[in-house]
Amino acid sequence: MRRSASRKTGQPNSTPSLNSSPADLFRSASSKATTKELERIDALYYSYANGSSAMIDPEGIEALCSDMEVDHTDVRILMLAWKMKAEKQGYFSLEEWRRGLKALRADTVNKLKKALPELEKEVKRPTNFVDFYSYAFRYCLTEEKQKSIDIESICELLDLVLGSQFREQVDFFVEYLKTQNDYKVINNDQWMGFYRFCNEISFPDFSNYDPELAWPLILDNFVEWMLAKQS
Amino acid sequence: MVPKTFTVEEGWEYLKNNGILKLIRILEGRSEPSFTIAESMMLYTTVYNMCNQHPRPDNSEKVYKKYQEVFEEYIIPKVLPSIKEKHGEIMLMELVKRWVNHKIMIRWLSRFFEYLSRSYLVKKLDFSSLEELGVKHFRNLVYLEVGRNAIDVVITLINKEREGQQIDRGLLKNVSDFFIEIGSVCINCYEMDFEALMLQDTSEYYSRKASKWIVEDSCPDYMLKAEECLKRERDRVFHYMHPSTEKKLVEKVQHELLMVKSKQLLEKECSGFCALLREEKVEDLSRMYRLYHEIPQGLENIASIYKEHITGEGTALVKEAEDAATNQDASKVGVQEQVLIRKITKLLDKYVAQVNDLFSNHSLFNKALKEAFEVFCNKTVAGRSSAELLAASCDNILHKGGNESDEDIEETLEKVVKLLAFIYDKDLFAEFYRKKLARRLLFDRGANEDHEKSILSKMKQQCGGLFTSKMEGMVTDIILAREYQTKSVEYLRSNSNANPGIDFSVTVLTSGFWPTYKSFNLSLPTEMAKCVQVFKDFYDTQTKHRRLTWIYSLGTCNINAKFETKTIELIVSTYQAAALVLFNSSDRLSFSEIRTQLNLTDDDLVRLLHSLSCAKYKILKKDPNTKTISPTDNFEFNYKFTDRMRRIKIPVPPVDERKKVIEAVDKDRRYTIDAAIVRIMKSRKVLELQKLVIECVEQLSNMFKPDIKLIKKRIEDLITRDFLERDQDNPSMFKYLA
């Protein structure tokens with residue numbers, strides 16, 4: 001619990017009460033960060049950043065992860081990237097770093113680590129999750145002008161992002177993706193379509209699925225494949 | 001004598017004694033002379049005076065009431081009982097008689113009381129006129145009492161007549177008129193009371209009959225009865241009902257006899273619609289059409305059974321061909337397929353004629369025919385699509401060598417092209433047709449140009465100019481090529497040093513029109529190479545900006561082969577000729593040597609050498625003397641070869657291009673669908689998937705029938721290429737991205 005920070009003149013007392021919700025915590029946190037905090041955030045950044053590029057590169061992220069005792073393939077790192085609105089996979093810029101850590105009210109590695117559970121909860125809220133899900137796809141587009149992601153990577157991403165929420169759907173869809181030959185890559189429309197599919201379509205009977213509607217063709221084929229398997 | 005001034009009561013006495021009672025006596029049939037003019041005038045004046053009493057106020061109102069009482073006092077004690085005491089037909093006759101009387105009564109009384117009309121009633125516009133009052137009273141006092149009975153009697157009589165008994169039609173006409181007249185001043189008694197009850201009874205009557213007949217009678221007999229009933233009912237209305245009843249009555253009868261029992265009737269085991277079609281019972285079928293044609297939606301069931309019937313026949317033909325094809329060897333399969341096409345065209349002729357003759361070319365039946373043909377005309381036979389079969393059929397007809405007259409050929413072509421309308425994969429047909437057209441134009445000497453042009457114009461009529469544009473280009477090319485040939489001969493004659501020493505001709509084709517051919521850098525023998533160069537020089541003088549690409553695989557060569565015993569002229573392809581000429585300078589050549597010298601692929605070389613050494617005419621000797629070519633073989637010229645003919649043709653069997661054609665068409669389709677989707681979305685900006693699919697299918701219907709999966713795939717692709725995007729809020733809508 002922080003002591004009240006009243007160093008900046010003219011600013012009202014910002015200590016949140018014990019009754020305030022996490023939302024309030026974040027809300028008040030994101031609007032106020034003291035200069036000391038900002039300094040610490042920047043310092044933390046430079047401790048991981050690559051000297052020549054002045055960006056945190058994959059090596060730096062790996063170091064950060066090990067310091068946080070989180071695997072660098074963990075979904076929470078992706079969530080962190082989302083919170084930062086990081087543009088390039090494997091890299092954090094200073095602006096992104098500041099944005100994320102400010103929002104999480106973390107200026108040390110420990111605080112950052114402790115903020116992760118709350119971050120998870122935040123992401124899992126339905127309104128945020130769609131945004132996160134969409135972000136996850138964009139984040140994996142590493143080349144300029146890249147529009148689609150290869151099957152292998154998609155399977156991993158699906159597992160990472162949707163695995164906990166829609167275990168069965170993801171498992172079967174991944175199996176299908178690996179066995180079929182029609183598609184070598186997945187585009188954003190198909191990616192988003194799958195999330196909508198998980199939410200709207202009853203599984204595993206698919207009783208309310210209609211291939212005459214505008215579902216992406218790959219899902220039509222997936223349902224067909226599943227129904228054939230089941231009979 | 002009438003006093004000038006008198007009370008209403010006094011005046012009424014006079015009126016009653018001299019007018020009303022006299023009138024009643026006349027009506028009751030007692031011998032009573034009719035009213036003279038003088039008497040009428042007196043009565044009129046009496047009424048006048050009654051109304052205009054000085055200085056009393058106007059008594060018109062009283063007089064008006066009195067007028068009405070006249071009716072009441074006569075009808076209630078006299079008229080009504082006389083009707084009520086009778087029954088049945090007699091009652092009706094009495095009713096009619098009393099009504100006629102009543103009309104007379106109204107006429108006379110209106111005359112006597114005319115003054116009221118002229119004065120009192122003029123001011124009271126919403127009061128009933130004297131005539132109206134008269135009718136109203138009869139209605140209220142008589143009709144309301146006995147009307148129902150009367151109607152029942154009428155209905156009973158109608159049913160009697162239906163069962164074949166004679167009835168008094170005149171009486172019924174009078175009763176009917178009575179209902180109409182009675183209803184003219186108030187509620188429409190005729191329609192609401194009589195007609196409604198009569199129609200209901202009619203429904204019940206025919207419902208019973210229908211249930212009985214449908215079990216007992218065959219379909220033709222039932223229809224005859226139905227036709228007869230309808231005729232009689234119309235007749236009935238004509239004779240004793242109001243014309244407006246006809247339509248409603250006929251509808252009821254049609255409904256009970258024809259619509260309610262329609263399924264049972266049409267599906268009757270041995271005499272139903274299908275049986276009639278099979279046995280071609282023209283009269284019965286015509287009757288069926290006539291009967292059902294008038295009924296709204298009456299023909300729908302029939303048309304759908306018709307479609308099933310035709311589909312069944314067509315599918316059986318296809319199955320026949322399929323079975324025959326699997327039982328026979330490959331060479332006969334082609335014949336089976338041509339037989340199938342002929343049978344289908346015959347089927348088409350038969351049913352087109354039938355729809356025209358029996359079903360008056362009705363659109364429902366034309367639609368049924370079209371849909372039926374579409375079902376079986378798109379089935380594959382022995383792995384070949386109908387598009388391919390049809391193209392093969394056209395090829396067959398247009399091949400040189402047939403004993404049919406020009407007219408016959410024209411007719412057959414016409415019929416075959418009609419089948420094209422039913423085929424979904426029109427673009428596939430076009431591709432096969434083009435390939436075969438190329439062979440005909442290039443290899444069939446004397447292919448009939450008129451027939452070729454004629455079939456193209458028929459196809460153009462059916463499928464549009466875009467469909468036939470390339471093919472027309474091909475035909476034109478051949479004509480132009482001949483001109484070029486003539487010019488090149490001139491050129492050679494005038495440039496003697498350019499002469500390559502051998503006769504040659506070149507056919508120049510416009511590449512865009514013709515199917516794509518692979519061109520190989522075949523190493524030509526020197527003599528041929530010189531020809532090529534000479535022509536190239538000539539062509540350059542004719543036109544700039546055009547490049548010649550040589551397709552040697554399409555060429556033929558006449559070459560003299562000097563065998564030991566005799567010289568034989570060989571008609572071979574350019575490739576074969578090039579190979580043979582190699583043996584002018586070498587006695588023995590290996591497979592790889594030939595390949596190096598000719599610069600061909602292994603596959604092509606194998607086929608080529610096979611045709612020269614392992615087929616019917618062994619021009620080359622192969623070592624080892626096996627049936628197939630292997631890369632280690634060696635070849636020698638076969639001096640010992642001989643044949644009784646002086647000139648022989650050595651064919652190279654054509655490569656099966658079917659797969660390539662299908663691949664090419666599939667590829668084209670992807671582009672075509674893409675273009676269609678973009679075109680539609682550009683103009684609509686935002687569109688739902690289902691509507692997009694419908695429009696797409698419609699736009700492309702002239703070429704092929706895209707299935708929804710293919711369209712969806714193309715949409716997916718277009719999304720990746722940023723032509724379209726899915727609407728965020730409504731995932732079934734797509735938006736055009738400019």
Relative contact order, percent, chain B [alpha-carbon distance under 8 Å, six or more residues apart]: 6
Please report, to two decimal places, log10 I(q)/I(0) for segment B:108-188 at q = 0.10, 0.27 Å⁻¹ as given by the Debye formula with identical point scatterers on the Cα atoms and no solvent. -0.38, -1.24
Indicate, rounded to the nearest 5 percent, the antiparallel portion of the DSSP beta bridges found entirely in the protein assembly as shown. 90
Work from the charge dipole of the protein assembly as shown (Cβ charges, +1 for Lys and Arg, -1 for Asp and Glu, about the Cα centre) and give the residue of B:Ile90, A:Cys140, B:Ile104 farthest towards its positive end. A:Cys140
Subtracting the Cα-Cα distance from 0.36 nm times the residue separation, let me have the gained length for B:Arg546 to B:Arg679 in nm, one decimal. 44.5 nm
Can you give the Rg to Rh ratio for the protein assembly as shown, taking only C-alpha atoms and Rh from Kirkwood? 1.22
Over segment A:127-230, consider all pairs of different Cα atoms and compute the Kirkwood hydrodynamic radius from their mean reciprocal separation; express it in Å, one decimal. 14.1
How large are Rg and Dmax for chain B when only the alpha carbon atoms are used, in Å? 47.3, 157
Taking N as its residue count, the alpha carbon Rg of segment B:320-415 over 2.2 N^0.38 Å: 1.22
For segment B:297-369, what size does the Cα cloud have along each of its three principal axes, sorted from largest down, in whole Å? 50, 19, 13
Using a Förster radius of 45 Å, what is the FRET efficiency between B:Cys614 and B:Glu279 based on their Cβ-Cβ separation? Nearest 0.05, please. 0.20
Calculate the dipole size of chain B relative to its Cα centre from +1 charges on Lys and Arg beta carbons and -1 charges on Asp and Glu beta carbons; express the result in debye to the nearest 20. 1620
Spin-label pair B:Val655/A:Lys36, simplified geometry with 7 Å Cα→Cβ offset, distance in nm: 8.2
Sort all Cα-Cα distances of segment B:544-687 into consecutive 10 angstrom bins from zero, then give the percent of pairs in each bin up to the one containing the longest distance. 10, 32, 24, 13, 9, 7, 5, 1, 0
Computed about the Cα centre, the charge dipole of chain A from +1 Lys/Arg and -1 Asp/Glu charges at the Cβ has a magnitude in debye, to the nearest 20, of 1760
Quote to one decimal, in nm, the extra length available between B:Asn448 and B:Gln165 on full extension: 0.36 nm per residue of separation minus the C-alpha distance between them. 94.4 nm
Using the beta-carbon distance between A:Lys145 and B:His293 and R0 = 51 Å, what value does 1/(1 + (r/R0)^6) give for FRET efficiency, to the nearest 0.05? 0.20
With N set to the number of residues, divide the alpha-carbon radius of gyration of segment B:418-471 by 2.2 N^0.38 Å and report two decimals. 1.13
Please give the average number of partner chain Cβ atoms lying within 10 Å of the Cβ of each residue in A:209-219, rounded to a whole number. 5
Dividing the convex hull volume of the alpha carbon atoms of segment B:138-225 by its residue count, what do you get in Å³ per residue? 100
Residue-normalised 222 nm signal for chain B, counting each DSSP H run of n ≥ 4 as -39,500 (n - 2.57), nearest 500 deg cm²/dmol, is -20500 deg cm²/dmol
How big is segment A:109-182 by the Kirkwood estimate over distinct Cα pairs, in Å? 14.0
Which log10 I(q)/I(0) values does chain A give at q = 0.08, 0.09 Å⁻¹ under the Debye formula, counting every alpha carbon as one identical point scatterer? -0.38, -0.47
Can you compute the helix-only [θ] at 222 nm over chain A? Use -39500 (n - 2.57) per DSSP H run of at least 4 residues, normalise by all residues, nearest 500 deg cm²/dmol. -19000 deg cm²/dmol
Convert 37 °C to kelvin, take the viscosity as 0.692 mPa s, use the Kirkwood radius over C-alpha pairs of segment B:234-319 as Rh, and evaluate the Stokes-Einstein diffusion coefficient in µm²/s, rounded to a whole number. 225
Among A:Ile149, A:Phe172, A:Tyr195, whose Cα sits farthest toward the positive end of the charge dipole of segment A:127-230 (+1 at Cβ of Lys/Arg, -1 at Cβ of Asp/Glu, about the Cα centre)? A:Ile149
Per residue, how big is the convex hull of segment B:256-399 when only Cα atoms are used? Give it in Å³. 117
Peptide B:707-713 - average C-beta neighbours from other chains (10 Å radius): 4
When Cβ neighbours within 10 Å are restricted to other protein chains, what is their mean count per residue of peptide B:718-731? 3
For B:Asn52 and B:Thr36 in the same chain, what is the full-extension length gain: residue separation times 0.36 nm, less their Cα-Cα distance, in nm? 3.3 nm
Assuming a ≥ b ≥ c are the square roots of the Cα gyration tensor eigenvalues, decide whether segment A:32-123 counts as rounded (a/c under 1.5), prolate (otherwise, with a/b larger than b/c) or oblate. rounded
Return the lysines within reach of A:Lys178: Cα separation strictly under 29 angstrom, same-chain partners fewer than 8 residues apart disregarded; answer none if there are no such residues. A:Lys88, A:Lys124, A:Lys145, A:Lys147, A:Lys229, B:Lys659, B:Lys667, B:Lys709, B:Lys712, B:Lys713
With the crude spin-label approximation of a point 7 Å out along Cα→Cβ, what separation in nm comes out for B:Arg208 versus A:Val109? 10.3
From the residues A:Ala49, A:Thr35, A:Ala106, which one has its Cα farthest along the dipole of segment A:32-123 in the positive direction, the dipole being from +1 and -1 charges on Cβ of Lys/Arg and Asp/Glu about the Cα centre? A:Thr35
Which angle from 0 to 90°, rounded to the nearest 10, does the C-alpha axis of helix A:58-68 make with the longest principal axis of chain A? 70
Expressed in whole Å with the largest first, what are the equivalent ellipsoid semi-axes of segment B:402-551 derived from the C-alpha gyration tensor as the square root of 5 times each eigenvalue? 35, 17, 14
Over segment B:56-201, the quotient of the Cα radius of gyration and 2.2 N^0.38 Å is 1.19
Here the net charge surrounding A:Arg125, from other residues whose Cβ is less than 12 Å away from its Cβ (Lys, Arg +1; Asp, Glu -1), is -2
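Readers should treat all values here as calculations from the given coordinates under stated rules, not as data from a laboratory. If you're wondering where the values come from, they're calculated on a predicted model, not measured in any experiment. With ideal geometry, Cβ positions are generated from the backbone for all residues, glycine too; neighbour counts draw on all protein chains shown.
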